[in-house]
Structure formats: structure tokens, C-alpha cells
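Read the structure below first, then the notes.
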Amino acid sequence: MISVAQALDTLFALVPPHQVEFVPLIHAHNRVLAGPVSAARDQPPFAASAMDGYAVVEARPNVPLTVIGESAAGAGFGGAVKAGQAVRIFTGAPIPSGATRVILQEDVTRDGDRITPGDKLDTGDNIRPAGNDFRAGSGLPYPRVLASADIALLAAMNVAKVPVARRPRVALIATGNELVMPGERPGPDQIVASNTFGLHALLRDLGAEPRLLPIARDTTASLTTVLGMIDDADLVVTVGGASVGDHDLVAPVAAALGMQRAFHRVAMRPGKPLMSGRLGDAVMIGLPGNPVSAMVCGHVFVGPVARAMLGLPPQAVPRRQGVLAHDLAANGPREHYMRAKHTPDGLTVFERQDSSLLHVLSAADALVVRPIRDGARAAGETADYIPL
């Protein structure tokens with residue numbers, strides 16, 4: 001068996017360089033910026049008023065000024081302002097030539113075309129200089145997942161099409177004679193397939209393009225047929241059949257189809273019977289069939305691989321530290337990912353950690369990570385965890 005860190009490094013080495021495509025800005029949200037973008041001009045492109053008021057050369061308390069025009073957003077004042085004059089101006093409007101400040105409308109009284117500043121004038125100039133937000137040629141660092149604020153910034157930069165990483169195509173294959181699809185009526189010895197549906201949701205949230213292939217039965221012919229449907233997938237994820245039992249056929253069938261195995265079995269729980277390699281142009285990951293094992297491995301391995309395929313840094317899923325709400329016994333020879341929940345007293349690890357219990361995983365919001373041979377922990381100590 002290899003460690004989780006070694007398995008991740010091996011998987012990252014299998015990931016091919018990401019591909020770049022251009023998409024309209026309106027479709028770029030939550031995509032990974034994969035190339036340079038630059039502003040077409042300064043923002044604002046002119047000195048602009050930060051307030052509603054009057055643009056003036058200078059103003060003194062109780063000294064009247066003559067209003068000679070107006071500057072509004074999208075319709076600036078075409079002339080120049082001289083001493084003793086003022087231009088009515090609104091927020092975002094261009095500052096007229098000659099003006100050095102904007103006095104606030106609440107700081108003056110107006111009578112016809114004359115304004116009189118009051119005794120207490122705002123001391124700021126209330127002018128946003130040209131390029132105050134960004135300059136022409138400014139860009140965004142990449143790679144990065146584009147948030148809504150990034151989309152607004154790109155729009156202001158006048159970027160209409162955005163270079164993003166192509167979404168990795170992921171083929172999800174459930175294996176086993178015991179499985180039926182949700183909505184079907186299981187036979188007396190069958191259960192409903194759940195793992196691939198959870199993995200589909202996880203991958204979609206990460207920005208991949210997952211698709212469910214038909215259930216592969218525990219026969220060489222069925223597995224060969226379904227694996228032949230992977231088509232243009234960048235990543236193939238099988239669930240079940242990756243162990244060493246008489247009905248675990250994924251490894252030998254994949255090998256017969258040309259898979260170059262990278263590793264088989266990882267020192268973790270749940271999830272020891274994990275397999276990986278390359279099948280044609282696709283990275284292949286064979287997950288264990290127990291529901292919790294498959295989902296934990298989805299978070300620990302499949303998610304980081306999908307992110308690396310999107311051009312993001314190849315790194316393990318981020319961990320945080322939390323305070324334990326109760327004592328924990330010493331851990332054994334495998335890294336343990338324990339379902340837990342945040343409570344007012346700290347992280348509470350569920351007593352039942354059986355890898356078949358999806359309801360416990362659904363109730364959890366964290367996976368407490370216990371290192372190999374980790375000693376007993378007392379309530380109040382800190383522990384690493386992965387947010388769910």
C-alpha cells in the first residue's frame with residue numbers, strides 16, 4: 001500500500017495539460033481563468049465626480065457662484081469652469097475642464113442660477129481620478145475560479161470573451177450485479193446505485209462535465225462493453241469491483257483493454273482498495289464500492305484530480321483545524337477519515353463509522369483526518385479536518 005500523499009502525487013503526474021477555450025463573458029462565471037486578459041482602457045476613463053453637487057475651481061463660505069451648466073453621467077459639460085463659476089454635477093459624471101473640486105449639494109443653497117456655499121464645506125475634493133480603479137492593460141492573475149465580482153471587473157475592462165480551461169469530461173461507471181438505478185424496483189438481492197450520483201454532483205460542483213454510463217455487471221463482457229463507451233472522457237471513474245475478490249473484475253478487464261496501472265491500494269480508511277492508471281488518453285480511478293468509501297475517495301482524490309485538469313494547482317483538498325468535542329482513541333496503520341459534525345462544543349466524531357452508512361455521511365459537515373499511528377486525542381485538542 002502507498003500513502004494518500006503518494007497516491008495523490010501519482011495521480012497528478014497522470015493529468016495531461018489542460019486545454020483552453022474562449023467563452024462569452026456571460027458564461028464565464030465559476031469557470032477557471034486560463035489565460036491573460038487585459039483592460040481595454042482606464043476605469044474611469046475620465047476624472048469623475050464621487051458625489052452629487054457642483055464642480056468649481058474654488059469655493060469659500062458665503063461667496064456666491066454662478067451656475068453655468070450641468071454635467072451628468074453620459075452627458076458631460078463641454079465647456080470650462082472659471083473662478084466664480086459652478087457646474088451642476090452628478091455622481092459618475094465627468095469633471096469639467098478647470099474644476100478642482102466638487103462641493104456637495106447639501107453644503108450650498110441655490111437661488112436660480114446662483115449658489116451660495118455654507119459656513120461648513122466638505123474638505124475633500126470628491127473627485128475620482130481617471131484610472132482610479134484600473135489602467136488600460138491591467139489584467140487578472142490566473143489560474144483562478146471566476147467569482148461574480150471577477151465577472152463584473154472583466155465587464156468593466158470591456159472583455160467580451162474569456163480564456164477558460166475546458167471542463168474535464170468524466171465518465172462515471174457503477175459496477176455490480178446487485179445494482180439498479182434509482183426509480184427501478186430492486187430484486188430481493190439488489191440495492192439502488194447511489195455512489196455515481198453523489199460523485200456526479202461533486203464533480204459538477206467542481207466545474208467538470210460528468211456523465212453516467214450504464215451499470216456494468218460483474219462479467220468480463222459487460223465491463224468490456226461499458227468501458228468501451230468512455231469515448232472522449234478525460235477521466236474515467238469506476239465504482240466497485242476494484243478489490244481482489246472473485247467478482248472484482250475492473251482491474252483485469254481494464255488491463256486487457258490496455259490500462260497502464262499506476263497503483264492499487266492506499267493506506268487509508270475508508271477507501272483502501274483504490275486503483276488508478278491510464279486507459280488510452282484518460283486517467284482512470286477505480287473506487288471501492290462501499291458508498292462512504294467511494295464518496296470519501298471522491299473528496300480526497302477525484303476532486304483534486306478534476307481541479308488539476310482545470311489548470312488549478314495540483315494540491316490536496318484544503319484542511320482546517322478544529323477543536324475536538326470529546327476524546328478519541330489512538331488510530332491504527334491507515335490514515336482515517338472520520339465523519340464528524342461541528343457542534344457548540346467542537347468537532348463531534350460520529351460513533352458509527354461503518355463505510356456503508358450514507359446517512360452518517362449526509363449528517364456530517366467534516367471529515368476529521370487521523371494520521372497513521374496517531375495517538376489518543378483528548379477533548380479540547382485540535383485536529384485536522386476536511387470541510388464537507
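Of note:
- Taking residues in region 366-378 that are farther than 15 Å from A325 by Cβ and of a type in the set (V, I, T), and partners anywhere that are assigned to a loop (DSSP other than H, G, I, E, B) and open to solvent by 40 Å² or more (accessible area, probe 1.4 Å), the pairs with Cβ atoms closer than 8 Å and at least 6 places apart or on different chains are V369/R319; I372/P333; I372/R334.
- Yes/no for G176 being at pLDDT below 95 and more than 26 Å from the chain's Cα centre (by Cα): yes
- Test: residue in region 224-233 that is in a loop (DSSP other than H, G, I, E, B), touching an Asp or Glu at 6+ places or on another chain (Cβ under 8 Å), surrounded by fewer than 20 Cβ atoms within 10 Å (Cβ to Cβ) and in contact (Cβ under 8 Å) with a residue 24 or more places away in the chain: no
- Residue count for region 121-153 under the criterion of being closer than 30 Å to P64 by Cα and either open to solvent by less than 70 Å² (accessible area, probe 1.4 Å) or at pLDDT 95 or above (or both): the result is 9.
- Test for G98: is it over 44 Å from the mean Cα position of the chain (by Cα) and not hydroxyl-bearing (S, T, Y): yes
- Number of residues in region 333-388 that are assigned to a loop (DSSP other than H, G, I, E, B), in contact with a strand residue (DSSP E or B) (Cβ under 9 Å, 6 or more places away or on another chain) and more than 19 Å from R269 (Cβ to Cβ): the value is 6.
- Subset tally (residues that are crowded, with 16+ Cβ neighbours inside 10 Å and either in a strand (DSSP E or B) or in contact with a Gly (Cβ under 7 Å, 6 or more places away or on another chain) (or both)) for region 259-269: 6
A quick yes/no check of all residues on (1) free of Cβ contacts under 8 Å to residues at least 60 places away in the same chain; (2) open to solvent by less than 50 Å² (accessible area, probe 1.4 Å); (3) under 15 Å from A28 (Cβ atoms); (4) not in a strand (DSSP E or B):
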{"residue": "A155", "(1), (2), (3), (4)": "no, no, yes, yes"}
{"residue": "P163", "(1), (2), (3), (4)": "no, yes, yes, no"}
{"residue": "R167", "(1), (2), (3), (4)": "no, no, yes, yes"}
{"residue": "I173", "(1), (2), (3), (4)": "no, yes, no, no"}
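- Filter result (over 27 Å from the mean Cα position of the chain (by Cα), more than 22 Å from P288 (Cα to Cα) and buried (at least 16 other Cβ atoms within 10 Å of the Cβ)) within region 323-347: L324, A325, L328
- Strands (runs of 3 or more DSSP E) wholly inside region 270-330 that include at least 3 residues being among the hydrophobic types (A, V, I, L, M, F, W, C) and closer than 18 Å to A5 by Cα: 282-287
- Long-range neighbours under 7 Å by Cβ, at least six apart or interchain, first residue of a type in the set (K, R) within region 102-122, second open to solvent by less than 80 Å² (accessible area, probe 1.4 Å) and assigned to a loop (DSSP other than H, G, I, E, B): R114/P64
- Criterion violated by D281 - all others in (1) closer than 20 Å to R166 by Cβ; (2) buried (at least 24 other Cβ atoms within 10 Å of the Cβ); (3) out of contact with any Pro (no Cβ under 7 Å at 6 or more places or on another chain) satisfied: (2)
Matching residues to (1) of a type outside the set (F, W, Y); (2) assigned to a helix (DSSP H, G or I); (3) open to solvent by less than 50 Å² (accessible area, probe 1.4 Å); (4) out of contact with any Leu (no Cβ under 8 Å at 6 or more places or on another chain):
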| site | (1), (2), (3), (4) |
| --- | --- |
| P17 | yes, no, no, yes |
| A39 | yes, no, yes, yes |
| A55 | yes, no, yes, yes |
| N62 | yes, no, no, yes |
| E70 | yes, no, no, yes |
| V87 | yes, no, yes, yes |
| I103 | yes, no, yes, no |
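- Residue that is modelled with the highest pLDDT [pool: residues in region 200-221 that are surrounded by 19 or more Cβ atoms within 10 Å (Cβ to Cβ) and part of a helix (DSSP H, G or I)]: L203
- Put simply, of R307, R265, R261 the only residue that is free of Cβ contacts under 8 Å to residues at least 24 places away in the same chain and closer than 30 Å to V369 by Cα is R261.
- Some residue of region 182-192 being touching a strand residue (DSSP E or B) at 6+ places or on another chain (Cβ under 8 Å) and surrounded by 21 or more Cβ atoms within 10 Å (Cβ to Cβ): no
The values are calculated or read from the model by the stated rules, or taken from the named source; none is laboratory data. Computed from a prediction, not measured in an experiment: that's the story for all the values here. Backbone-built Cβ (ideal geometry, glycine too); neighbour counts: all protein chains shown. Heavy atoms of the whole protein, side chains included, go into the accessibility calculation; ligands, DNA and RNA do not. Shrake-Rupley method; radii C 1.70, N 1.55, O 1.52, S 1.80 Å.
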